[in-house]
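Novice: Questions regarding the structure given below will be posed in turn.
The values are calculated or read from the model by the stated rules, or taken from the named source; none is laboratory data. Bear in mind that the values here come from a model prediction, so they are computed numbers and not experimental data. Methodologically, a virtual Cβ is constructed for each residue, glycine included, from the backbone with ideal geometry; neighbour enumeration extends over all protein chains shown.
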Amino acid sequence: MSFTTADLCDRHEAGVRVVAPGFRDYGGLPCFSGPITTVKVHEDNGQVRAALEKPGEGRVLVVDGGGWLRCALVGDVLAGLAHRNGWAGLVVYGCIRDSEAIASVAIGVKALGTHPRKSVKRGAGDCDLPVTFSGVTFAPGDHLYADRDGIVVASERLL
């Protein structure tokens, strides 16, 4: 599957929501897409791990970390787990760590930045509910498309 977010915006202008700039590419695949699954957490990646332990089936995990930049919600272990379990990518509204190792994993990873400190692991958070950040609401089952130019979301599959 080959696409660019620019072409998707041109072809489906009224049908896509464009995520505000600010996310950086960290994974080994800068272009990825899939149906959305969500988790909403606060400095705790227990629910992120729980989601990634399940079969990904080409989905994208959208992690609403509240935009907090005080710890990482994903590291190389979770990125590797996501890849092995068939996830297409992760979008983290927060930080990741182990960025050099994640760059060698064949998965898409976008995040606001990096932070060397790991998160706590209490398992607190919510799963599979609509989350809103960067000007877009991400609902489970919506489709996400990401490349080096940005991220777009559509209520239905475009490709």
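Novice: Restricting to the range 76-113, count the residues that are more than 14 Å from the chain's Cα centre (by Cα) and of a type in the set (Val, Ile, Thr).
Specialist: 2
Novice: I'm trying to understand the selection: among the residues of the range 148-159, which are of a type in the set (A, V, I, L, M) and either assigned to a strand (DSSP E or B) or under 12 Å from the mean Cα position of the chain (by Cα) (or both)? Spell out the reasoning first.
Specialist: Of the residues in the range 148-159, the ones of a type in the set (A, V, I, L, M) are 151-154, 158-159.
Across the range 148-159, the qualifying residues are 151, 152, 153, 154.
Novice: What number of residues within the range 100-132 satisfy the criterion of being in contact with a Phe, Trp or Tyr (Cβ under 7 Å, 6 or more places away or on another chain) and either of a type in the set (Val, Ile, Thr) or crowded, with 21+ Cβ neighbours inside 10 Å (or both)?
Specialist: Result for the range 100-132: 7.
Let's see how each residue does on (1) out of contact with any helix residue (DSSP H, G or I) (no Cβ under 6 Å at 6 or more places or on another chain); (2) without any contact (Cβ under 8 Å) to a residue 60 or more places away in the chain:
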{"position": "97", "(1), (2)": "yes, yes"}
{"position": "108", "(1), (2)": "yes, no"}
{"position": "112", "(1), (2)": "yes, no"}
{"position": "123", "(1), (2)": "no, no"}
{"position": "128", "(1), (2)": "yes, no"}
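Novice: Does residue 63 qualify as being in contact with a Gly (Cβ under 6 Å, 6 or more places away or on another chain) and among the aliphatic types (A, V, I, L, M)? Steps first, answer last, please.
Specialist: Numbers: in contact with a Gly (Cβ under 6 Å, 6 or more places away or on another chain): no; among the aliphatic types (A, V, I, L, M): yes.
No, not satisfied.
Novice: Cβ-Cβ distance below 9 Å, separation of 6 or more or different chains: which pairs start in the range 51-69 with a residue that is of a type in the set (D, E, K, R) and modelled with pLDDT of 95 or more and end on one that is surrounded by fewer than 24 Cβ atoms within 10 Å (Cβ to Cβ) and part of a helix (DSSP H, G or I)?
Specialist: What qualifies is 53/81.
Novice: List the number of the failed condition for residue 58; all other conditions in (1) surrounded by fewer than 18 Cβ atoms within 10 Å (Cβ to Cβ); (2) out of contact with any strand residue (DSSP E or B) (no Cβ under 7 Å at 6 or more places or on another chain) hold.
Specialist: (2)
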